[in-house]
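Undergrad: Mind looking over this structure? Questions follow.
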Amino acid sequence: MIEQVMNALSATSHEIVVFFLAMLPISELRGAIPIGVALYKFSYLKTLTIALIGNLIPVLPILLLFGKVENIMRRNATSGRFIDWFIHRAERQSAMVKELGALGLMLFVAVPLPGTGAWAGSLVAFLLGLDIKRSFIYISLGVLIAAVLVTVLTYFGIFVAEAT
């Protein structure tokens, strides 16, 4: 299975790989930026641009359509359990957003750690019933901050690796 995925990725445009890695809920920017810079040798600006666009694409659909998707997924036991797990996880992580509002949402998305990011931030905003326009703005700002942090950390990691 892993070999098939690697073969598919090697036959795909590297820009598309970075773009889709940034769109995925697990990797997001944390995976896309290091891959673009370190593996594909893209410039930081090119990688940052592709990753930002890819990471922001799912935000509005999540904010606008999650309720409908949730209802559809609950019709199946397996996907229903996944939705329960996903929502429970987001609710556990929403304390900062509840306390600080939009600023908390931005900070939550800006922290480049597992379980945070555009997907989780969008879900938290949806679950808390936050204003969609305002949520999109603050999630976008958080994504921008996270992208800069991940880019700096990637650059630092490459610098240290080359120095040793």
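Throughout, read-outs are computed from the coordinates displayed, never taken from laboratory work. Bear in mind that the values here come from a model prediction, so they are computed numbers and not experimental data. For neighbour counting, all protein chains shown are included, and Cβ atoms are generated from backbone atoms with ideal geometry for every residue, glycine included.
Undergrad: Using 0.36 nm per residue, how much length does the chain from T164 to S43 gain when fully extended, once their Cα-Cα distance is taken away? Kindly include the intermediate steps, with their values, before the conclusion.
TA: Values: separation 121, 0.36 × 121 = 43.56 nm, distance 2.20 nm.
Between T164 and S43, full extension yields an extra 41.4 nm.
Undergrad: Considering the convex hull of the alpha carbon atoms of segment 98-143, report its projected area averaged over all viewing directions, in nm², one decimal. The partial results should precede the final answer.
TA: Numbers: hull surface 10.4 nm².
If I average the Cα hull's projected area over directions, I get 2.6 nm².
Undergrad: Evaluate the relative contact order of segment 2-163 (contact order divided by residue number), counting alpha-carbon pairs under 8 angstrom at least 6 apart; express in whole percent.
TA: Relative CO of segment 2-163 lands at 25 percent.
Undergrad: Here is a further query. Using all alpha carbons of the chain, what is the percent of pairwise distances in each 5 Å bin, ordered from the shortest bin to the longest?
TA: Each 5 Å bin holds this share of Cα pairs: 1, 9, 17, 19, 17, 15, 12, 6, 3, 1, 0.
Undergrad: Given R₀ = 22 Å, FRET efficiency for K133-N71 by Cβ-Cβ distance, to 0.05?
TA: Efficiency computed from Cβ-Cβ geometry: 0.40.
Undergrad: Run the reach check for K41 against aspartates and glutamates, Cα to Cα strictly under 17 Å, same-chain hits fewer than 8 apart removed. What comes back?
TA: Those aspartates and glutamates meeting the cut-off are E15, E162.
Undergrad: Report, in cubic angstrom per residue, the convex hull volume of the C-alpha atoms of segment 20-72.
TA: 64
Undergrad: Where does helix 132-163 land angle-wise versus the long Cα axis of the chain, in degrees 0 to 90, nearest 10?
TA: Tilt relative to the chain: about 30 degrees.
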